[in-house]
Amino acid sequence: MCRVPTVSGSVGLAQGFWGGTGSWLGVIVCLVALICQSIHLGDLRRELSLIQKNKEDRAQVRRHHNPDDESFNLWPKEKRDLAGRRRRRHNGKHALLHLVPASFSSPDAFQDVTYISWKVSLHEGKAFELQRESVRVKHSGVYYIYSQGLYTDITFTMGQLVTRRAEGESGMGDILLRCVQSMPQDKLQAYNTCYSAGVFRLQKGDVISLVVPRYNASVDANGYSTFFGLVKL
């Protein structure tokens, strides 16, 4: 005999089925919510990372465009040390003097010499004192000395001497550098440069001079052709 299910039995089966399905749907909805929240948190972390990187980039740009602002965020002792270093940069330890011609003269026809009066092209530090045709050294130390002359003279050889004499001493003094250059005999071709340089230990009060051992020498007066300089190392 076949038994037909009652209405109440069918309803109970349906309620069990849909009740189980509802539990699974709740779990799935929770998982989806957690995944969305995780994605959102990841986006927030990336945005915060970009904001931090932009701040660091702007700070680097400010430091790059303000190289002298070394005292930024320094403690008081560090600031004092920095100020001391800046003062020591200009206490005569490092200095330079670059000179270019102002005028030429050969006052004595019986002396085969041309003197050059100099003017300052570049001067840093306190190690030098210009005295028209000479330079007085104010700080003892090791110096790099250089000289150049562009000669337009048909005399068979031309060149210059760099000399040193102690303060108060008369005469030319000691020769530090000697430069000699052969010259063409054709006036149209008589253009030759003579360059010399060297490193010397100088004492306070030494007087350094450049002279051309020719009377009324023909020397190019342009600063890029004829010059004289000292650098304290």
Check: Once phi is turned into θ = phi - 60°, what whole-Hz ³J(HN,Hα) does the Karplus curve with 6.51, -1.76 and 1.60 give for every residue of region 154-170, x standing for Gly and Pro?
Finding: 8, 4, 4, 9, 9, x, 9, 10, 10, 10, 9, 9, 6, 4, x, 7, 8
Notebook entry, point to check: How much FRET efficiency would the formula 1/(1 + (r/R0)^6) give for E124 and K204, where r is the Cβ-Cβ distance and R0 is 22 Å, rounded to 0.05?
Noted result: 0.75
Next item on the list: Restrict the search to region 132-185; then list the GluC sites (Glu not before Pro) that DSSP places in a loop and that have at most 14 other Cβ atoms within 10 Å of their Cβ.
Entry: E167, E169
Next item on the list: Using only the Cα atoms of region 91-227, build the gyration tensor, take square roots of its eigenvalues as a ≥ b ≥ c, and label the shape rounded, prolate or oblate: rounded if a/c is under 1.5, else prolate if a/b is larger than b/c, else oblate.
Entry: prolate
Item checked: Centre separation in Å (Cα based) which lies between region 198-233 and region 147-162 -> 12
Next item on the list: Mind listing the long-range amide H neighbours of S121? Cut-off is under 5 Å, sequence gap 5 or more, other chains count too, H placed in the peptide plane at 1.01 Å from N.
Entry: H98, L99, V100
Check: At a 1.4 Å probe, what is the % contribution of carbon and sulfur to the accessible area of region 147-233?
Finding: 50
Notebook entry, point to check: Fully extended, how many nm does the chain gain between R46 and E169 (0.36 nm per residue separation, minus their Cα-Cα distance)?
Noted result: 36.5 nm
Checklist line | Label point at L188 placed 7 Å out along Cα→Cβ; residues across region 201-233 whose backbone nitrogen lies under 14 Å | finding: none
Checklist line | In sequence order, calculated HN-Hα J values of region 136-141 (Karplus, 6.51, -1.76, 1.60; Hz; x Gly/Pro) | finding: 9, 7, 9, 9, 5, x
Next item on the list: Would you mind working out the accessible area per residue for region 86-233, using a 1.4 Å probe, and quoting it in Å²?
Entry: 54
Check: Taking amide H positions as placed 1.01 Å from N in the peptide plane, with prolines and chain starts having none, which residues 5 or more places from L177, or on another chain, fall under 5 Å of its amide H?
Finding: V162
Next item on the list: Describe numerically, in nm with one decimal, the distance between label points set 7 Å from Cα along Cα→Cβ at S117 and at R178.
Entry: 3.0
Item checked: Accessible-area order (highest first, 1.4 angstrom probe) of the listed residues T155, T163 -> T155, T163
Next item on the list: Rounded to the nearest 0.05, what FRET efficiency do N216 and K93 give with R0 = 30 Å and r taken as the Cβ-Cβ distance? Could you check?
Entry: 0.15
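The values are calculated or read from the model by the stated rules, or taken from the named source; none is laboratory data. Just so it is clear, the structure is predicted and the values come from calculations on it, not from any experiment. Cβ atoms come from the backbone with ideal geometry, glycine included; neighbour counts cover every protein chain shown. What goes into the accessible areas is simple: the full protein's heavy atoms, side chains included, and nothing from ligands, DNA or RNA. Shrake-Rupley method; radii C 1.70, N 1.55, O 1.52, S 1.80 Å.
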